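A short worksheet on the structure shown next.
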Amino acid sequence: MSKENQLIKFTKKGIYCPQGDFHLDPWQPVDYAIISHGHADHARWGMKRYLCTNDSLPILKHRLGQDIKIQGIGYGEALVINGVRVSFHPAGHVIGSAQIRLEYKGYIVVFTGDYKTQPDFITTPFESIKCHTFITESTFGLPIYNWKSEKVLQNELHSWVDTNKSNHRSSVFLGYSLGKAQRLLSLLEGVDDDIYVHRSIHNLNQAILDSGFKLPKTKLWSADLDKKVLQDKVIIAPPALLDSRMLKRLPNPATAICSGWMQIRGNRRWQSVDAGFAVSDHADWNGLIEAVKSSGAEQVYVTHGYQAVFSKYLNEIGIKADELVTEYGDGVLTTAEVETDKANVK
Amino acid sequence: MKLFSNLISALEITNKTNAKIEALVNYFSIAPDKDKLWLIALFTGKRPSRPIKTTLMKVWCMELTELPEWLFLESYSTVGDLGETMALLLPAPTHKLDLSLHEWMTELKALKPKSDEAKKAFVLGAWSGLDQQERLIFNKLIGGSFRIGVSKKTLVNALAKFSGIDTNQLMHSIIGNWSVEDMSFEALINGKHINYDNSKPYPFCLAYALEKDLHDLGEPQDWIVEQKWDGIRGQIVKRNNEIYIWSRGEELVTQQFPELVEAISNLKDDFVIDGEILAMKDNDVLLFNDLQKRLNRKNVTKKLLEEVPIGFYAYDILEFNGEDIRKTPFIERRQALETIFNSMFLPDYIKLSFVVAFQRWDDLNAIRNNSRAINSEGLMLKQKNSPYHTGRKKGDWWKWKVDPLTIDAVMIYAQKGSGRRSSKYTDYTFAVKKDDALVTVAKAYSGLTDKEITEITQWVNKNAIEKFGPVRTVKPELVFEIAFEGIALSNRHKSGVALRFPRIARWRKDKPVDDIDTIETVKQLITAP
């Protein structure tokens, strides 16, 4: 058996480590799951044991149940499981997100989960890890996806809020509860005295705050709040709320969707909103290429997203890459997170 | 170009007509005059001819980005718009160019005769000095549609709101012949030019589909009923010995129909007549499918004239010897039309649309049901006292089409749409059974809700056979009811039939693929005229 095959095997339950006898972000119930981050397509219900970062732990408990059997370790700390050295390294995707590094007899595999190479104001920045085999996502694996810097985004969001205020409109930002909501909070901090969040975000924030993590101050946007209070205010809500009665009840709201897909005009216009901002928690085209190159990997596996395109391109520039079919992401616009949000909204 | 760029951003994000009008009015109140004229020109199909070939721009963009062509095309098929794809792929600008819309358009026009090297230098210079949104607009100014849902009607409504001038007059003013160079914004909207122009058509009066019971229309004797002919609506304008034929899309199609021009030029009066251009042989109206062979041809050859002869059914008269008679009741206009047709010598193929005789509303059912046999689409009901309205108005005119034909077919290809639809698979190809195989019968783009389109897009992503390119072959699994207005034999189509106006009537989630139609059952729908 090759060294790689001792470390990873692709099964119908997910990515499996034969030597360590555990799975990475499995999509079917297994005995031992090592989880990259708290999004629903990566951290699923029904595993006998979970291992994740300390920062992800409260999120997983909040989403999967307080009674799950779970252990957390810090970024850079290692745990040896059946001789396999397992460690987490910042992925820059959402709070607590990590790349999972496996090492056995000098052979190293890195599984990125989801990641973003550009730094933002809130998540621990992505760290590049040298390895032999690199398993990368490819959500935005086309050269049309290149993100603006955090500073530029911040200016755009602030000036949109200011314009809305001068037109006596409240500003509603739609982004999923885990990740986008906290990122938006960090981008919007200081734009107004009060920022309101929907209950699903509020509850998740509470879990994050309880673990000692700091977040900008927010107020709860509850259905019984007086409409006048929300006049000209900033509100963050999950995408599932689009077209909901709760949103329609707001006085003259301007609504913006915040997602990497908003890079394309057709996507911005597909839903009837007032603005679309390309704020993404995933690596853009250059970020993906940079991450692959700096890993120094001799073998790359490309998971969810544009895996056919991205792996073809990597092979053309001399990096051996293969597609890997997983059940992460959804391939189109809204991912599993939205479904989770829908459940949370009710 | 900041003003124009902001306007486009505001227009593209909203699908509410009032918000679009608001944005346009705002633009009219702050933009320089020449820019406003260009805006009107661009949104009424009066852009100058393309100064630079798209293929060249594509090559320059690939050179600059060092991307392989397949990856460029893959990006294009995701974005669904070439100008936007290039705007997204190009590296960040190095400096800031600030020219007005008029200045850009003037430069672009001047570029047309220049060498490819000069064009390249100009385009690369512009790309490096414009941000993403401005670059997209720059690419669109060179060629291509903005696809932001601003119709002439929306534009006219905004101009009316801005200026207080009547919408009919504005519509009349902005269509037809004028150029940015020889016109001021004031003169254009005040219509100073329209008296001098022999070619001006009137806005067409359009009907809504009948949405109530015939008996609720009142007394049958207050109505005139005609066949709804299935050709292209046309307005023949004859003034001062000049003849113009306008299509409903407000395009001049005079040159495409020399036999009409010839017949009309023998008449001495001046008039504007509304009617239907049809393919016609030996007094019989042919199918739209036949007429299509005559449309949008650069050269109308003698052979084509013989193969597909054209005819004209006159519906209405809008102007007679210089007098606008659109406000006189339809019954009187109809009489005027009859007088002209009876007193002049006209060839067989120019006819007066005949009036359907009926006593009681119920008499019409049988006549309507027989429409397809004479290649008519159904009936038109017109109130005898109705004026010739501008555009679509409810109440006076109704179209009452025959029920569409339908078949059940399976989706075999899916393709992404354009503009707002570029992220979704919205254009589908459908097939029916032919022995043990499938044969393509129709393409359809419309008829589904956004929600259904999203659902199908997710399904296509999971079930597509190809990984690259814009078209996806899918497992033949999803069954749809396809409605269409007519069917004809055709040797241009592999299936041997051509459908008229196919669209998706509904998604038959309840139907398995085994139950779809066969090509034989489809062909049985053809009725000989």
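Excluding A:LEU225 itself, what net charge comes from residues whose Cβ is under 15 Å from its Cβ, given Lys and Arg +1 and Asp and Glu -1? That sum, taken over residues with Cβ under 15 Å, equals +4. A simple count of charges around B:THR55, restricted to other residues whose Cβ falls under 15 Å of its Cβ and scoring Lys, Arg +1 and Asp, Glu -1, yields +2. From largest to smallest, the equivalent ellipsoid semi-axes obtained for the protein assembly as shown from the alpha-carbon gyration tensor read 58, 32, 27 Å. Charge tally for B:VAL474 (other residues, Cβ to Cβ under 11 Å; Lys, Arg +1; Asp, Glu -1): +1. Give me the aspartates and glutamates in straight-line cross-link reach of B:LYS152: C-alpha distance below 18 Å, same-chain residues under 8 apart excluded. Reachable aspartates and glutamates: B:GLU12, B:GLU22, B:ASP35, B:ASP166, B:GLU250, B:GLU251. Each part reduced to its alpha carbon centroid, segment A:101-124 and segment B:75-129 end up 39 Å apart. Each eigenvalue of the Cα gyration tensor of segment B:90-211, multiplied by 5 and square-rooted, gives one semi-axis; in descending order these are 35, 19, 14 Å. Converting phi to 3J(HN,Hα) with the Karplus coefficients 6.51, -1.76 and 1.60 and the offset θ = phi - 60°, segment B:80-93 yields x, 8, 5, x, 6, 4, 5, 4, 7, 7, 5, x, 4, x Hz in sequence order, with x at every glycine or proline. Per-residue packing, averaged as other Cβ atoms within 10 Å, sorts the ranges B:507-516, A:304-313 into the order A:304-313, B:507-516, beginning with the highest.
For segment B:320-365, state which trypsin sites (Lys or Arg not before Pro) are in a DSSP loop and have at most 10 other beta carbons lying within 10 Å of their beta carbon.
B:LYS327, B:ARG360
Pairs of alpha carbons in segment B:313-470 separated by more than 23 Å make up 62% of all such pairs. Of the residues A:LEU247, A:VAL172, A:TRP285, the one whose Cα sits farthest toward the positive end of the charge dipole of segment A:141-296, with +1 on the Cβ of Lys and Arg and -1 on the Cβ of Asp and Glu, is A:LEU247. Note that segment B:239-246 has calculated 3J(HN,Hα) couplings of 9, 6, 6, 10, 10, 10, 10, 10 Hz, one per residue in order, obtained from phi through the Karplus relation 6.51 cos²θ - 1.76 cosθ + 1.60 (θ = phi - 60°); glycine and proline are x. GNM remark for chain A: springs join alpha carbons under 10 Å apart, and the peak mean-square fluctuation among A:ILE73, A:ILE289, A:ILE144 falls on A:ILE144.
Mind checking B:461-472 for the average number of partner chain beta-carbons within 10 Å of each residue's beta-carbon?
Other-chain Cβ atoms within 10 Å of each residue's Cβ, averaged: 1.
Relative intensity of chain B on a log10 scale, I(q)/I(0) at q = 0.07, 0.11, 0.12 Å⁻¹, equals -0.49, -1.23, -1.40, per a Debye sum over C-alpha point scatterers of equal strength in the absence of solvent.
Mean residue ellipticity at 222 nm, helices only, the protein assembly as shown: -9000 deg cm²/dmol; runs of at least 4 DSSP H residues each add -39,500 (n - 2.57), and the sum is divided by the number of residues. Near B:LYS281, the amide H atoms lying under 5 Å from its own belong to B:LEU286; only residues 5 or more places off or on other chains count, and H is placed 1.01 Å from N. Bridging of A:LYS228 to lysines at a Cα separation below 20 Å is possible for A:LYS165, A:LYS219, A:LYS248, once same-chain residues fewer than 8 apart are set aside.
Only alpha carbons enter this Debye calculation for segment B:2-142, each as an equal point scatterer, and the log10 of I(q)/I(0) it gives at q = 0.14, 0.22 Å⁻¹ is -0.70, -1.48. Each pair of Cα atoms in chain A enters the Kirkwood radius, and Stokes-Einstein at 25 °C and 0.890 mPa s then converts it into a translational diffusion coefficient of 119 µm²/s. In sequence order, segment A:288-296 has phi-based couplings of 4, 5, 4, 5, 5, 4, 6, 6, x Hz under the Karplus curve 6.51 cos²θ - 1.76 cosθ + 1.60, θ = phi - 60°, and Gly or Pro positions carry x. Under the convention that each Lys and Arg Cβ holds +1 and each Asp and Glu Cβ holds -1, the size of the dipole of the protein assembly as shown around its Cα centre is about 440 debye. Counting Cβ atoms of other protein chains within 10 Å of each Cβ in B:84-94 and taking the mean gives 3. Computed with the Debye formula from one identical point scatterer per Cα of segment B:405-523, without solvent, the log10 of I(q)/I(0) at q = 0.12 Å⁻¹ comes to -0.40.
Here chain B is assigned +1 on the Cβ of each Lys and Arg and -1 on the Cβ of each Asp and Glu. Its dipole about the Cα centre then comes out at about 860 debye. Our compactness index for segment A:150-277, the C-alpha radius of gyration over the empirical 2.2 N^0.38 Å, is 0.99.
For segment B:205-401, the convex hull spanned by the alpha carbon atoms encloses 119 Å³ per residue.
Values quoted throughout were computed directly from the atomic coordinates according to the rules given, and no laboratory measurement underlies them. None of the values given here were measured: they were computed from a predicted structure. Counting neighbours? That spans all protein chains shown, and the Cβs are built from the backbone with ideal geometry, glycine included.
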